[in-house]
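A short worksheet on the structure shown next.
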Amino acid sequence: IKSFTKQVMKMLKVTGGAMARRLGSTRWMSSGSSFRYTVEGLYDGNLTNVPSLPLPQVEDTLKRYLETVRPLTTDEEFEKSKKLAAEFVDTVGPTLQEKLRDLTAHHGYPYSYIEEFWDEMYQGGRWPAMIHVNPFLSLKDSPDPAKQDQITRAAEFASAATRWWLKVVNGDLEADMERDTQLCMYGYGLVFGATRVPKIGRDVMATNYDRKHIVVICNHQYFKVDIIDDAGQAMAPSELEKILGQIKTTALAQPADLDRDVGILTSWERDAWAKSRQHIKKSDPV
C-alpha cells in the first residue's frame with residue numbers, strides 16, 4: 001500500500017488544483033499520527049486547518065512575471081511588458097489586490113485566493129481532458145520477474161489500490177506530515193469514487209463512496225468486477241488475477257464491437273462529450 005500511495009501522490013501533483021490542495025512535500029507516516037475523519041469531510045473541509053496561501057504583494061507578483069516572460073520575448077516586447085506592468089501597479093492593480101485579500105479573509109471554500117479561479121479553469125475549460133488535463137500515469141516494472149505479466153500486475157495494483165481506498169473511506173489514513181505539521185489531505189477524497197461529469201459550459205465534480213466495483217476494459221469491451229465484498233474486504237490478488245484472466249479470454253474470443261466503445265467519447269471537447277453523454281443517457285438510461 002505504501003508503494004501505491006507514492007504513485008497516488010505523483011498523480012495528485014500532476015493534476016494539481018482541485019485534486020491537490022497541498023503545501024510542501026509529503027511523507028507517509030507508518031505509525032502514529034492517526035486522526036479520525038470522514039471521507040466526506042476530506043472533500044468538503046479543511047480538516048487539518050492548513051493555513052491559506054500567503055498573498056504576495058503586487059510588486060512581487062509582477063517581478064516574478066517579468067522574470068518569467070523575459071526568456072520568451074524580444075528586447076522590444078520585454079520593454080512593452082515592463083511598461084504594462086508599471087501601468088498595472090498605478091491603475092487597477094491595487095483594486096484587484098484588495099479583492100484577492102478579501103478572498104483570503106474568510107473561512108471555508110475557497111481555501112486560498114487561487115482555488116476558486118483554478119476550479120473555474122479546471123472544470124470550465126472546454127478543451128479535451130485527454131493530454132490537456134489528464135496526461136498518463138506510468139508504473140515502474142516490478143522488481144520481481146515473476147510478476148511482470150500484465151494480468152498479475154493488474155491484479156496486484158488493483159488489489160493494493162482497493163486496500164488503500166478502504167483506508168481512506170473508513171477514516172483510517174494516518175495524517176500526512178511535513179516534520180511536525182499536518183498537511184491538507186483533501187485530494188485523497190477525489191482519487192477514487194469521484195469524477196468530472198461533463199456538462200454544457202462547465203463540468204461538475206461528483207463523488208460516490210458506496211461503489212464496490214471496478215471497470216475492466218479489454219478489447220474495446222467493458223466488464224464490471226465487484227472487488228469489495230459485503231464485509232468490506234478487498235478481493236485477494238490471487239482471486240482477482242483469475243477473474244482478469246477469464247475476462248481477457250472472453251474478450252479476445254470475440255470481435256470488438258467498436259460501435260459500443262463509448263470510452264473514446266471522453267477524449268472529445270467537453271461540450272461535445274456532454275451532449276453525447278446526454279444522448280446516450282436518453283437512448284440507454286443504464
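Quick notes on this one:
- Full extension of the segment from Gln254 to Thr38, taken as 0.36 nm per residue of separation minus the current Cα-Cα distance, would add 73.4 nm.
- Distance (nanometres) between label positions extended 7 Å along Cα→Cβ at Glu87 and Glu67: 2.5 nm
- Amide H contacts under 5 Å for Leu183, placed H, 5+ residues apart: Asp176, Met177, Glu178
- Using 0.36 nm per residue and subtracting the Cα-Cα separation, the extra length available between Ser142 and Leu96 on full extension is 11.4 nm.
- Dipole of region 58-103 [Lys/Arg +1, Asp/Glu -1 at C-beta], most positive-end residue of Leu62, Thr91, Ser81: Leu62
- Segment Ile264-Glu239, length gained on full extension (0.36 nm per residue, minus Cα span): 6.0 nm
- Three-way shape call for region 58-103 based on the alpha-carbon gyration tensor, with the a/c threshold at 1.5: prolate
- If you plug the beta carbon distance of Trp127 and Gln246 into 1/(1 + (r/R0)^6) with R0 = 45 Å, you get a FRET efficiency near 0.70.
- Summing +1 for each Lys or Arg and -1 for each Asp or Glu among the other residues whose beta-carbon sits under 13 angstrom from that of Asp230 gives -2.
- Net +/- balance of residues flanking Ala105 in space, Cβ distance below 15 Å, scoring K and R +1, D and E -1: -2
- Per-residue Karplus couplings for region 114-131, computed as 6.51 cos²θ - 1.76 cosθ + 1.60 with θ equal to phi - 60°, are listed in order as 9, 5, 5, 5, 5, 4, 4, 5, 5, 8, x, x, 9, 6, x, 5, 4, 6 Hz, Gly and Pro entered as x.
- For a paramagnetic label modelled on Met205 (point 7 Å from Cα along Cα→Cβ), amide N atoms under 20 Å away belong, within region 129-163, to 129-136.
- Separation of region 53-67 from region 153-224 is 35 Å, based on Cα centroids.
- Whether region 102-210 is rounded, prolate or oblate, judged on the alpha carbon gyration tensor where a/c under 1.5 counts as rounded: oblate
Quick note: the coordinates plus some simple rules give every number you see, no bench work behind them. Being a predicted model, the structure only gives us computed values, none of them experimental. Every residue, glycine as well, gets a Cβ built from its backbone with ideal geometry; the counts of neighbours run over all protein chains shown.
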